[in-house]
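Note sheet for the following structure.
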Amino acid sequence: MSVRTARRIPGDLRGSGWYRLLPAPAPPRILEGRQKADWVIIGAGFAGLSAARRLSQLAPGDRIAVLEAQRIGWGAAGRNSGFMIDLPHELSSETYAGGLEHDLKQIRMNRAGIDFAAGAAEEYGLAAHFVRAGKYHGAATNRGLDALAQFEKHLAHLKEPFEHLDADAMRRLTGTAFYVGGTFTPGTVMIQPAAYIRGVAQGLSSAVDIFEETPALSIETGTEHIVTTAKGEIRTPRLILANNGHVENFGFFRRRLMHIFTFASMTRQLSAVEMRTLGGENAWGLIPADPMGSTIRRIAEGRIVVRNTFTYNPDMQTSEQQIDSIGESHDLSFAARFPTLKNGAQEYRWGGHLCLSLNAVPAFGEIETRVYAACCCNGLGTVKGTLYGKLAADLAAGTREPLVEDVLAEAAPEKLYPEPLMTWGAKAKLWWVQKRAGREL
Ligand SMILES: Cc1cc2nc3c(=O)[nH]c(=O)nc-3n(C[C@H](O)[C@H](O)[C@H](O)COP(=O)(O)OP(=O)(O)OC[C@H]3O[C@@H](n4cnc5c(N)ncnc54)[C@H](O)[C@@H]3O)c2cc1C
């Protein structure tokens, strides 16, 4: 028997624009008193809700409880850019691509994640927030064009469809002459992340007890695990940790996870005149040819979202000051792309937590007797979180899902370098690769 007390609990600053666009949620249901459940899941992001949904399919009569420290969608699950990408998306590479075998496996896994999410979207009536739109890669420089050419060559090897776009086609799409070329791939689903994740939680609420504003403060593992919260405790024989990088706060995967933040700004609703002057299509999502560049999304509501900049925050938190100062970099990226739109167009700014490992593998599996982890999505958590959550439920319930074996066959997350080398090295590397991104940022 061992007791693990959380070293810190999540406290994401500001709500994302996605969250702010939704109506205020009903008051939270908070766990109180002494309770029992057949299954307890910590974290209600993609991984946690996916695990809950899978368990509700596998063990429909069981009591399944989910504990979420914040409101649903307040954390990274409602802060992301909403690209559910089916193709390889290796952020630490120069073109997103990896080795051929590795990427074929990634595609299989990513599509399994998207399929499971599509099932939830259909079951819970979320079609408006889950659109099979595909994604664009945009190049702003010759170096970006080279990266696109390499990526397209890789797609051809993988036998994946794509379409190359010249500068004119990119201008017709985006309304800006900023991009000199692009690549379209059709398999990406675009979600309104906060609406999707809230919709999944609402859809599950008749089968699963979801407690919000209920951080797990300590975990006592044993024949029966006991999770303690501020106002109560819950006992369970089986526990799934789906709390992303925060799993390390309980002492699991210590010094094996990298806590990276990335940041976004969303404009106010642009006026009809501004939209007409801008031109381009109403809704599209574009990731940069250089993974360190800016992701841009235009949404049908007449807003544009810019995401860029990665920072290394081993204390798992950002600050108001960091969000504001990176917001200035968003303004520069925005002005370079959309000079016809006035400065001061940004209404919301936020940052959010990504969990990466040095060798780009998840923190997954049975980590103590009947304690399972579905964490660390290496920057593609909408898809991988969905998959790992589902597979953790399969593993815990003992189904013979072959993809479980595929994930278990991955190496464990590698140990980080000793401090202060790790922090200096990570910060220096991020500084360099983002400087090298140049105009792609
Ligand atoms: C600006 C931005 C853009 C991004 N863009 C994309 C994108 O386009 N596509 C993509 O795939 N990914 C993107 N990501 C990454 C993606 O958001 C994450 O990978 C994903 O949310 C991870 O899902 P998850 O369920 O594993 O973890 P999370 O979504 O982080 O959910 C974990 C939950 O656990 C809760 N928790 C933690 N500790 C406790 C505790 N002690 N007790 C109770 N609850 C706890 C947290 O509050 C959190 O809600 C982006 C991220 C950011 C910040």
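The values are calculated or read from the model by the stated rules, or taken from the named source; none is laboratory data. All of these numbers come straight from a predicted model, not from anything done at the bench. Note: ideal-geometry Cβ built from the backbone for every residue, glycine included; neighbour counts use all protein chains shown. For the accessible areas, the whole protein counts, side chains as well, though only heavy atoms, and no ligand, DNA or RNA atoms are used. Shrake-Rupley method; radii C 1.70, N 1.55, O 1.52, S 1.80 Å.
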Task: Tilt relative to the chain, helix 100-123 - C-alpha long axis, 0 to 90 degrees, to 10 - done: 70 degrees
- [ ] Could you go through the stretch 145-151 in sequence order and give the Karplus-derived ³J(HN,Hα) for each residue, using 6.51 cos²θ - 1.76 cosθ + 1.60 with θ = phi - 60°, rounded to whole Hz, and x for Gly and Pro?
- [x] 4, 4, 4, 4, 4, 5, 5
Task: Fluctuation leader among Val361, Val273, Val189 - the chain, Gaussian network, Cα springs under 10 angstrom - done: Val273
TODO: When a/c is below 1.5 the answer is rounded, else prolate if a/b is larger than b/c, else oblate, so apply that to the stretch 210-250 with a ≥ b ≥ c taken from the square roots of the Cα gyration tensor eigenvalues.
DONE: oblate
Open item on the list: Going through the cross-link list Lys415/Lys435; Lys105/Lys153; Lys105/Lys390; Lys384/Lys427; Lys135/Lys159, which pairs have a Cα-Cα distance over 23 Å in this structure?
Closed with: Lys415/Lys435; Lys384/Lys427
Task: Beta bridges by DSSP in the chain, antiparallel share as percent, to the nearest 5 - done: 70 percent
Open item on the list: Highest mean first, how do 37-43, 169-175 rank when packing is the count of other Cβ atoms within 10 Å averaged over residues?
Closed with: 37-43, 169-175
Open item on the list: If I histogram all Cα-Cα distances within the stretch 238-282 using bins 10 Å wide from 0, what percent of pairs lands in each bin?
Closed with: 19, 26, 14, 15, 21, 5
Task: Rounded accessible area per residue of the stretch 2-440, 1.4 Å, Å² - done: 40 Å²
Open item on the list: Sequence gap at least 6, Cα distance under 8 Å: using those rules, report the relative contact order of the stretch 370-434 to the nearest whole percent.
Closed with: 19 percent
Task: Largest-first ordering by accessible area, 1.4 Å probe, given options His137, His246 - done: His246, His137
- [ ] Let me have the 222 nm mean residue ellipticity of the chain computed from DSSP H runs of 4+ only, each contributing -39500 (n - 2.57), with the sum over all residues rounded to the nearest 500.
- [x] -10500 deg cm²/dmol
TODO: Mind checking which of Gly203, Gly352, Ala44 is farthest towards the positive end of the chain's charge dipole, using Cβ charges of +1 (Lys, Arg) and -1 (Asp, Glu) about the Cα centre?
DONE: Gly352
- [ ] Count the net charge of all other residues whose Cβ sits under 9 Å from the Cβ of Met109, scoring Lys and Arg as +1 and Asp and Glu as -1.
- [x] +3
Task: Carbon/sulfur fraction of accessible area - the stretch 2-440, other protein chains in place, 1.4 Å, % - done: 53 percent
Task: Average Cα contact separation per residue, the chain, under 8 Å, 6 or more apart, as relative contact order % - done: 25 percent
Task: Mean projection area, nm², convex hull over Cα of the chain - done: 19.6 nm²
Task: the stretch 89-218: proportion of alpha-carbon pairs further apart than 19 angstrom, % - done: 62 percent
Task: Residues Arg370 and Arg111, FRET efficiency given R0 of 22 Å [Cβ-Cβ distance, rounded to 0.05] - done: 0.15
Open item on the list: Give me the percent relative contact order of the stretch 318-441, please, defined on Cα pairs under 8 angstrom at least 6 residues apart.
Closed with: 19 percent
Open item on the list: Among 408-417, 141-150, 178-187, how do they line up by average Cβ neighbours within 10 Å per residue, starting with the highest?
Closed with: 178-187, 141-150, 408-417
